[in-house]
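So the structure is just underneath, and the comments pick up after that.
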């Protein structure tokens, strides 16, 4: 391709449409990785590679700062017919997250040498077990800032995600009895219900003045107990999904769980043990970091309004990378988050194109802010 090739809006939309025609559920992203590698080659990227787990990694530009732009290539299962209708482009991944990823590709393509280095990543398995990001954080990349591509809408920057603690709670009673004489022993399922409510109450107490983004929530997601239809259960296991706001951490919450489980077990006269299934620390980017400021300036130029900084209630790849690499990370991208995973997923073409412009401008501002900071 001609080195002076400019990415026209028509070309950017056509390429997004092509990307949507590749159906790439988690761990089947190879066609998308090869498509991106091909486009990166056309657009003058260097060091284009597909790593051992299937992530696409490519570099554009040179010098500092080093900025990671990471979007995911996988989609949730379920095909959506790719078609255009007015300003809407339909397809699985239209919002989550091929629009943000393609917007990052075309924004990065505008970076010339000595204006900073962009490392573009198309990650695998974000919708699954985060295989892609877990492999990526093991690499030594010397990155200064990172942006994750998820649909936030062009006027919102996600600066924080909650952490997550998943625990398995096992409640045991001394004996079981025939269901016709239930008074002969305690019932592990009934005891679990009481236990769960008390534990939830203790963990979620004193939060009346908190916004949803700053709430600690404890949600029961699975229950398993009983061996027969006519015998009272001796054991019952429940799984708790606890979401942790950015002003707390896993250790504090785990300490609270340990104390509460001990107290409730003694109070109810049952045995209770818990084990940890997953532990992900919450993450928040400093609001005044150059990456937040650069994106804010880019948004103000294109949208003529100040963006909203938001804290999401979920847990994402941003947590893994931000906590491991200890760098400012934000999540941003065109697309409506409420369109994600829907049966007729779509994106506004106009918003996608504005997203490219915003990211492009933000990268130029970031270079300037970075130079000023170290100058």
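The values are calculated or read from the model by the stated rules, or taken from the named source; none is laboratory data. Just so it is clear, the model here is predicted, and its values are computed rather than measured. Methodologically, a virtual Cβ is constructed for each residue, glycine included, from the backbone with ideal geometry; neighbour enumeration extends over all protein chains shown.
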*Is there a residue being assigned by TED's automatic domain parsing to the domain that holds residue 123, surrounded by fewer than 15 Cβ atoms within 10 Å (Cβ to Cβ) and closer than 26 Å to residue 350 by Cα anywhere in the range 20-29?*
yes
*With respect to residue 230, determine if the residue is under 24 Å from the mean Cα position of the chain (by Cα) and in contact (Cβ under 8 Å) with a residue 40 or more places away in the chain.*
no
*For the range 319-352, how many residues are out of contact with any strand residue (DSSP E or B) (no Cβ under 8 Å at 6 or more places or on another chain) and over 23 Å from residue 294 (Cβ atoms)?*
5
_Members of the range 258-273 found to be touching a strand residue (DSSP E or B) at 6+ places or on another chain (Cβ under 6 Å) and assigned to a loop (DSSP other than H, G, I, E, B), listed by number_ = 270
*If the Cβ limit is 9 Å and pairs must be 6+ apart or interchain, which residue in the range 176-191 that is under 22 Å from residue 261 (Cα atoms) and outside the structural domain of residue 229 (by TED's automatic domain parsing) pairs with which residue that is surrounded by 12 or more Cβ atoms within 10 Å (Cβ to Cβ) and modelled with pLDDT under 95?*
none
_Can you pull out every residue in the range 91-130 that is in a helix (DSSP H, G or I), over 18 Å from residue 50 (Cβ atoms) and over 15 Å from the mean Cα position of the chain (by Cα)?_
99, 103, 106, 107
*Residues of the range 322-344 being over 22 Å from residue 133 (Cβ atoms) and over 16 Å from the mean Cα position of the chain (by Cα), which ones?*
342, 343, 344
_Tally up the residues in the range 103-124 that are buried (at least 23 other Cβ atoms within 10 Å of the Cβ) and out of contact with any strand residue (DSSP E or B) (no Cβ under 8 Å at 6 or more places or on another chain), please._
1
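Could you list all residues from the range 38-79 that are touching a residue at least 40 places away in the same chain (Cβ under 8 Å), on the phi > 0 side of the Ramachandran plot and either not assigned by TED's automatic domain parsing to the domain that holds residue 127 or not in a loop (DSSP other than H, G, I, E, B) (or both)?
61
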